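Engineer: Structure below; questions to follow.
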Amino acid sequence: MKIRCWGTRGSIPAPGAETVRYGGNTPCLEVRLDDGTLIIFDSGTGIRELGLELMKSGQPIRAQIILTHIHWDHIQGFPFFVPAYVEGNQFEIIARPLAGSGVRQIFEDLMVEPYFPIGFDALGADFRLRELGSGDIDLGGARMTSIETNHPGDTFAFRVEENGKSFVFMTDNELRSSAIKKVPFEEHVRFCRGADLLIHDAMYTDEEYEKTVGWGHSTWMTALELAIKAGVSRFALYHHDPAHSDDMIDSLVEQCRKEIRARNRRRKKRKIKMKCFAADEESVIKL
Ligand SMILES: [Zn+2]
Ligand SMILES: [Zn+2]
């Protein structure tokens, strides 16, 4: 399985000289399974460049597009996803719609006059729309499970397992929340247990979190705690705050690594071997 982030930024795009290394686009991930199946998580602004890259093949494009939730930063790139306009391309969209409406409604509301000149029905590609339920989903050679996160509205994290490798995408999640208590910390630990890669929301410092309790995001420290407790092999900080520069994100990663070193000094055995880094828009992570 190969994973590439095309957008790593939370809330709103943050382009500029200060965010060049980790990127300014909002969430979008490309997951390539070993059997070639393409899975796209979220359609933030990063999906625009992913679409342009996919178009280079000149071949029909088939993919599953899975939405963690429908906050702006996770859907706003969709109208600029060029492959959606091209006949012969096929997409299955999996999402949890608002109560009482279908998945189609999400896109009809997103692409509507006077906010956008082209309606969802005018797109050239074939779309199958599927409501996210509670059961497992087979995606090519992989099996995907989901769990709710602690975030305003219905939001989900996903675990993809293929050929003995596992990847968890858990964004927009307020761990150890006093304000949003949907899923206990221990359940998220169980969900992430032993993953080869965990990409998790690590938006805030402790000081920032004092002013943002209940907004549905985690500090780097609580995200690190989850990664350590779950025994994951690699942990990537994600959903970077739009106000955080590359240097600031470097310092968060360094604090995570320092914390791991400190804990290992205290441990006689079962040392933490986890690799910790921040998600960027360039790297391809191979599992
Ligand atoms: Zn978000
Ligand atoms: Zn959100």
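The values are calculated or read from the model by the stated rules, or taken from the named source; none is laboratory data. Given the structure is predicted, the values throughout are model-derived calculations rather than measurements. When we count neighbours, we look across all protein chains shown, and the Cβ atoms used for this are built from the backbone with ideal geometry, even at glycine.
Engineer: Residues that are more than 16 Å from ligand 1 (Cβ to nearest atom) and either at pLDDT 95 or above or surrounded by fewer than 21 Cβ atoms within 10 Å (Cβ to Cβ) (or both): list the helices (runs of 4 or more DSSP H) wholly contained in the stretch 1-112 that include at least 3 such residues.
Structural biologist: Result: 46-55, 103-110.
Engineer: Then there is this: Testing F116 on (1) under 19 Å from the mean Cα position of the chain (by Cα); (2) closer than 25 Å to N25 by Cβ; (3) away from ligand 2 (no atom under 16 Å from the Cβ); (4) assigned to a loop (DSSP other than H, G, I, E, B), one condition comes back false. Which one is that?
Structural biologist: (1)
Engineer: Let me ask something additional. Can you report the number of residues in the stretch 139-195 which are within 16 Å of ligand 2 (Cβ to nearest atom), of a type in the set (G, A, S) and free of Cβ contacts under 8 Å to residues at least 60 places away in the same chain?
Structural biologist: 3
Engineer: Does the stretch 13-60 hold any residues that are within 23 Å of Y204 (Cα to Cα), of a type in the set (V, I, T) and touching a Gly at 6+ places or on another chain (Cβ under 9 Å), and which are they?
Structural biologist: Within the stretch 13-60, T26, T45 qualify.
Engineer: Still on this structure, I have one more. On the given criteria, is L123 at pLDDT 95 or above, surrounded by 13 or more Cβ atoms within 10 Å (Cβ to Cβ) and over 24 Å from the mean Cα position of the chain (by Cα)?
Structural biologist: yes
Engineer: Ok, one more. I need the full set of residues from the stretch 222-248 which are part of a helix (DSSP H, G or I) and within 16 Å of ligand 1 (Cβ to nearest atom), in order please.
Structural biologist: Within the stretch 222-248, just A223 meets the criteria.
Engineer: Are any residues in the stretch 135-187 within 16 Å of ligand 1 (Cβ to nearest atom) and among the small types (G, A, S), and if so, which ones?
Structural biologist: Of everything in the stretch 135-187, those that are within 16 Å of ligand 1 (Cβ to nearest atom) and among the small types (G, A, S) turn out to be G153, A157, S177.
Engineer: Another question about this same structure. Can you list residue pairs whose Cβ atoms sit under 9 Å apart, with the first residue in the stretch 230-256 being at positive phi and the second being at pLDDT 95 or above and among the acidic types (D, E)? Count only pairs 6 or more apart in sequence or on different chains.
Structural biologist: H239/D73; H239/D172; H239/D201
Engineer: Between A227, A262, which is of a type in the set (G, A, S), within 27 Å of E281 (Cβ to Cβ) and at pLDDT 95 or above?
Structural biologist: Of A227, A262, the one residue that is of a type in the set (G, A, S), within 27 Å of E281 (Cβ to Cβ) and at pLDDT 95 or above is A227.
Engineer: Quick test of your reading of the structure: H71 fulfils all but one of (1) within 28 Å of T8 (Cβ to Cβ); (2) without any contact (Cβ under 8 Å) to a residue 60 or more places away in the chain; (3) not β-branched (V, I, T). Name the failing condition by number.
Structural biologist: (2)
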